[in-house]
Amino acid sequence: MRPSGAIVNPANVFPLKEEFGHLYGHIGETKMRRAVHKIDFDVAVTAAEGKETKGGIGIAVATLGLGASGKSDSTQSTTSRIQFSVPIAYAESK
């Protein structure tokens, strides 16, 4: 992978007084300032654990099938969620 020139979490960011969309601030004190944008992440992880019980009875003759079946489920799940933002200065255009 070749370098793109983008900077993730750049140092010495001059933040805007008010956020404008995803524009967070700029880096550089000269005329050629680079915009710093915020990339928002919202990550959810779900873990599930459970038991499944199946049972049934049936008769099958060639292509004809008769019978009954049942299924019971017992599941416990937990969801953890984290939200965060990462500042990034995109590559300069050439």
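Observations, loosely collected:
- When the test is whether a residue is over 30 Å from GLY21 (Cα atoms), of a type in the set (A, V, I, L, M) and modelled with pLDDT of 60 or more, ALA62 does not pass it.
Residue-wise test of (1) modelled with pLDDT of 80 or more; (2) part of a strand (DSSP E or B); (3) more than 24 Å from the chain's Cα centre (by Cα); (4) among the acidic types (Asp, Glu).
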{"position": "LYS38", "(1), (2), (3), (4)": "yes, yes, no, no"}
{"position": "PHE41", "(1), (2), (3), (4)": "yes, yes, no, no"}
{"position": "THR46", "(1), (2), (3), (4)": "yes, yes, no, no"}
{"position": "LYS54", "(1), (2), (3), (4)": "no, yes, yes, no"}
{"position": "SER69", "(1), (2), (3), (4)": "no, yes, yes, no"}
{"position": "THR78", "(1), (2), (3), (4)": "yes, yes, no, no"}
{"position": "LYS94", "(1), (2), (3), (4)": "no, no, yes, no"}
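- If the condition is being out of contact with any Lys or Arg (no Cβ under 9 Å at 6 or more places or on another chain), more than 14 Å from ALA91 (Cβ to Cβ) and either touching a residue at least 12 places away in the same chain (Cβ under 8 Å) or surrounded by 10 or more Cβ atoms within 10 Å (Cβ to Cβ) (or both), then the range 30-50 contributes ARG33, LYS38, ILE39, ASP40, PHE41, THR46, ALA47, ALA48, GLU49, GLY50.
- Residues of the range 1-36 satisfying the condition of being assigned to a loop (DSSP other than H, G, I, E, B) and at pLDDT 80 or above: SER4, GLY5, ALA6, ASN9, PRO10, ALA11, ASN12, VAL13, GLY28, ARG33
The values are calculated or read from the model by the stated rules, or taken from the named source; none is laboratory data. Because the structure is a prediction, the values reported are computed rather than measured. Cβ atoms come from the backbone with ideal geometry, glycine included; neighbour counts cover every protein chain shown.
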